[in-house]
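To start, the structure itself, in structure tokens.
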Amino acid sequence: MIVLDSHCDSPSQMFRLRDFGLDNVWGQVDFPKMKRGEVDASFFALYTSNELSDSQAYALAMRMLGMLEGQVAANTDKVAFARSSADVRRNKEKGLISIMVGMENGTPLMERLDRLEYFHNRGVLYLTLTHNGDNFICDSCAGNHKWGGLSPFGRDVVAEMNRLGMIIDIAHCADDTVWDCLKYSSKPIVSTHSCCRALCNHRRNLTDEQIKAIADKGGVVQINFYPAFLSEKFNDVLKNSGLEELDYMDDEFRADPGNPEKEKAWVELQDRLKALWRPSAVEIVDHIDHVVKIAGIGAVGIGTDFDGISVPPQGLEDISKLPVLFDEMKHRGYSESDIEKVAGANFLRVLDDNQR
């Protein structure tokens, strides 16, 4: 069985001076934790904020990519890059974890199609078209619906990604953008880290109609572990706690990672968040169940969003605990073959379909 996490934000955490070769106390992802969690492959996303200018986003993406390459080069006994499903299987045979690269937000393209090929040549296998704001490619679920879906340039991006064999990721996209991608892409699309809107009414989650349409096109929905996307109960708990207002501590620590006071404040906030009621593997498998019910076992996988979420699920505090999820699936009667599909085979199939 190949266990693949289709989205974690670890490159952003590398700015916090984290050595991924070590078992970090406060890290949700590092190479030792991935080994303990029996993870075979993980997509590390080059995330850039919509608040950055095009040139700032490009510079940041390049810096993150360089840092990621450095961390992999320093740990060749533990990890290796992979660009295909065949690479993942070869690395597994060698006892190595596969590090795969995605890009979250298309702003680093600087409105140039040739940048897609450049980043693809550097190993970027999927592009999450936008993040929490509209950009020159498309509308975001958190944006102002500037384009009514894909922009004219965005349609060119979709066509070029199809040509290159890059996967189109609609996580964070507005509903109209999702439908446009389904219309204009000639290949299967994915959401690398989203949940089901029927179970948690959040704009980041997908409707049943969208999930079915993605599955009908051969794509897959990778379930996110962020409690706010899993459970409306958690959102009520978080709102009543007043801790939402302290999100700025995370931004301050990222901006000044060498400052011990900023780090202390961030760690204390994590403690307070973890003291709240949080959904667990039970709610995550509820979302998996829902996708399976409406779209089939071939339509779902896991995209934890670890290292990008302010608080993890109960009992799944970091990626080393991932087997807990599969235990819950076994408890519900999923077969080994079904679990294998959800664990990674479904996403690798979509990767093969796009690269074919």
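The values are calculated or read from the model by the stated rules, or taken from the named source; none is laboratory data. Computed from a prediction, not measured in an experiment: that's the story for all the values here. All Cβ positions, even for glycine, are placed from backbone atoms using ideal geometry, and neighbour counts span all protein chains on display.
In this structure, is Ser6 surrounded by fewer than 20 Cβ atoms within 10 Å (Cβ to Cβ) and within 23 Å of Thr107 (Cβ to Cβ)? For Ser6, the condition - surrounded by fewer than 20 Cβ atoms within 10 Å (Cβ to Cβ) and within 23 Å of Thr107 (Cβ to Cβ) - is not met. Looking at the stretch 25-37, which of the residues that are surrounded by fewer than 18 Cβ atoms within 10 Å (Cβ to Cβ) and assigned to a loop (DSSP other than H, G, I, E, B) is farthest from the chain's Cα centre (by Cα)? Ranking the qualifying residues of the stretch 25-37, first place goes to Val25. Applying a threshold of 7 Å to beta carbon distances and a minimum spacing of six or more residues, or different chains, the list of pairs starting in the stretch 231-244 at a residue that is buried (at least 17 other Cβ atoms within 10 Å of the Cβ) and ending at one that is of a type in the set (Lys, Arg) and part of a helix (DSSP H, G or I) reads Leu243/Arg272.
Being in contact with a strand residue (DSSP E or B) (Cβ under 8 Å, 6 or more places away or on another chain) and free of Cβ contacts under 8 Å to residues at least 40 places away in the same chain is a property that holds for Lys94.
Find the residue count for the stretch 283-313, including only residues that are of a type in the set (D, E, K, R) and under 15 Å from the mean Cα position of the chain (by Cα). Counting residues in the stretch 283-313 that are of a type in the set (D, E, K, R) and under 15 Å from the mean Cα position of the chain (by Cα) gives 2. Asn162 satisfies every condition listed in (1) surrounded by fewer than 24 Cβ atoms within 10 Å (Cβ to Cβ); (2) in contact with a Lys or Arg (Cβ under 8 Å, 6 or more places away or on another chain); (3) more than 19 Å from Ser85 (Cα to Cα); (4) not hydrophobic (A, V, I, L, M, F, W, C) except (3).
Looking at the stretch 300-319, is at least one residue in a helix (DSSP H, G or I), under 17 Å from Lys33 (Cβ atoms) and modelled with pLDDT of 95 or more? Yes - at least one qualifying residue is present in the stretch 300-319. Reported count of residues in the stretch 121-155, each being closer than 18 Å to Val190 by Cβ and surrounded by fewer than 16 Cβ atoms within 10 Å (Cβ to Cβ), is 0.
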